[in-house]
Structures are given as C-alpha cells and as structure tokens.
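**Q** My structure is below; once you've seen it, I'll send some questions.
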Amino acid sequence: MNRLPWWRVAAAIVILAALAFLLAMFAPYYFRNLQLRSYVSDLTQSVAAQPISDDLIRTRIEAKAHELNLPVAADNVHILHAPGRTDVQVRYFVRVNLPGYTVDLHFNPGATAR
C-alpha cells in the first residue's frame, strides 16, 4: 500500500487548522445571535399578551444585545404593528477582522406575535 506524501498530510493539517481558526472566530457571534433571537421571540410573545411601548421594546432589546456584547443600537430594532400581529426585526452586523481580511457578518433576528 502506498503511503501519502508528507506534503499532502501537511496541506491537510494546514487546511484543518484554518477551518478551526475560522470556527473559533465566527462561532461566538452566531451563538450570541441565537441567544438574542430567542430573547426577541420571548419578548414578542409577551408583548402579544401584555402590550408595552415600542420604546420599551427597543430599550430591552438594546440592553440584552449590550449584555451579549453585540453592536445593536435602538435604530437597528424595527417594530411593525398590523391588525392582530406584531413584528419585531433586529438588523445589525458584526465586523470581524481576520489576518489580511475583514468580514462583515450580517444578522437579522426577529419574531412575529399573532
């Protein structure tokens, strides 16, 4: 049986290390976004049951995002009231500086209460 050349093994290790590095850089932002999405969903459901002002909704979401270390400002929170439903959308991006490259991760957590 033929053995793999050393350069193929080295290339595979470099590629796996690069993927692990990217995972380590991006995963925390995706997990925090999932937490914010869950919070927005819970808040939207509670607003359907007990209406509160749009400013208070924005303030609560902004505070939660600050707690999660996410760059969300009050103007990133969009609230739409329609008959029988409330839509809350949060649009923001996170800039990640990688060696030699910058990536903007765009997020849009939101929820609808009926």
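**Q** Applying the selection to segment 72-93, what residues are part of a strand (DSSP E or B), at pLDDT below 90 and not basic (Lys, Arg)? Working first, answer last.
**A** Going through segment 72-93, the residues part of a strand (DSSP E or B) turn out to be 77-82, 85-90, 92-93.
Then keep just the ones that are at pLDDT below 90; that gives 81-82, 85-86.
Correct list: 81, 82, 86.
**Q** Filter segment 43-54 down to residues that are of a type outside the set (S, T, N, Q) and in contact (Cβ under 8 Å) with a residue 12 or more places away in the chain and give me whichever is surrounded by the most Cβ atoms within 10 Å (Cβ to Cβ). Explain how you work it out, then say what you get.
**A** Kept after step one, since they are of a type outside the set (S, T, N, Q), are these residues of segment 43-54: 43, 47-49, 51-52, 54.
Filter again for in contact (Cβ under 8 Å) with a residue 12 or more places away in the chain, leaving 43, 47-48, 54.
Working: 43: 19, 47: 21, 48: 15, 54: 17.
My answer is 47.
**Q** Does residue 21 satisfy the criteria of being within 23 Å of residue 95 (Cα to Cα) and either aliphatic (A, V, I, L, M) or without any contact (Cβ under 8 Å) to a residue 12 or more places away in the chain (or both)? Spell out the reasoning first.
**A** On the way: within 23 Å of residue 95 (Cα to Cα): yes; either aliphatic (A, V, I, L, M) or without any contact (Cβ under 8 Å) to a residue 12 or more places away in the chain (or both): yes.
It is true that residue 21 is within 23 Å of residue 95 (Cα to Cα) and either aliphatic (A, V, I, L, M) or without any contact (Cβ under 8 Å) to a residue 12 or more places away in the chain (or both).
**Q** In this structure, does residue 37 turn out to be closer than 22 Å to residue 25 by Cα, touching a strand residue (DSSP E or B) at 6+ places or on another chain (Cβ under 9 Å) and not β-branched (Val, Ile, Thr)?
**A** So residue 37 passes the test.
**Q** Please determine whether any residue of segment 39-59 is within 24 Å of residue 97 (Cβ to Cβ) and in contact with a helix residue (DSSP H, G or I) (Cβ under 7 Å, 6 or more places away or on another chain). Before you say what the answer is, go through the steps one by one.
**A** Going residue by residue through segment 39-59, those that are within 24 Å of residue 97 (Cβ to Cβ) are none.
The answer is no; no qualifying residue exists.
**Q** Now, a different point. So, in segment 1-59, how many residues would count as being over 22 Å from the mean Cα position of the chain (by Cα) and among the hydroxyl-bearing types (Ser, Thr, Tyr)?
**A** Number satisfying all stated conditions: 1.
**Q** Right, residue 69: closer than 30 Å to residue 18 by Cβ, in a strand (DSSP E or B) and within 18 Å of the chain's Cα centre (by Cα) or not?
**A** Values: closer than 30 Å to residue 18 by Cβ: yes; in a strand (DSSP E or B): no; within 18 Å of the chain's Cα centre (by Cα): yes.
For residue 69, the condition - closer than 30 Å to residue 18 by Cβ, in a strand (DSSP E or B) and within 18 Å of the chain's Cα centre (by Cα) - is not met.
**Q** Would you mention how many residues in segment 74-114 are surrounded by fewer than 13 Cβ atoms within 10 Å (Cβ to Cβ), out of contact with any Lys or Arg (no Cβ under 9 Å at 6 or more places or on another chain) and within 29 Å of residue 22 (Cβ to Cβ)?
**A** Residues that pass the stated criteria total 6.
**Q** Being over 18 Å from residue 96 (Cβ atoms), assigned to a loop (DSSP other than H, G, I, E, B) and not small (Gly, Ala, Ser) is true for just one of 3, 8. Which residue is that? So that I can check it myself, show each step before the final result.
**A** Values: 8 fails: assigned to a loop (DSSP other than H, G, I, E, B).
After applying the criteria, what remains is 3.
The values are calculated or read from the model by the stated rules, or taken from the named source; none is laboratory data. Computed from a prediction, not measured in an experiment: that's the story for all the values here. Glycine also receives a Cβ, built like all others from the backbone with ideal geometry; neighbour counts cover every protein chain displayed.
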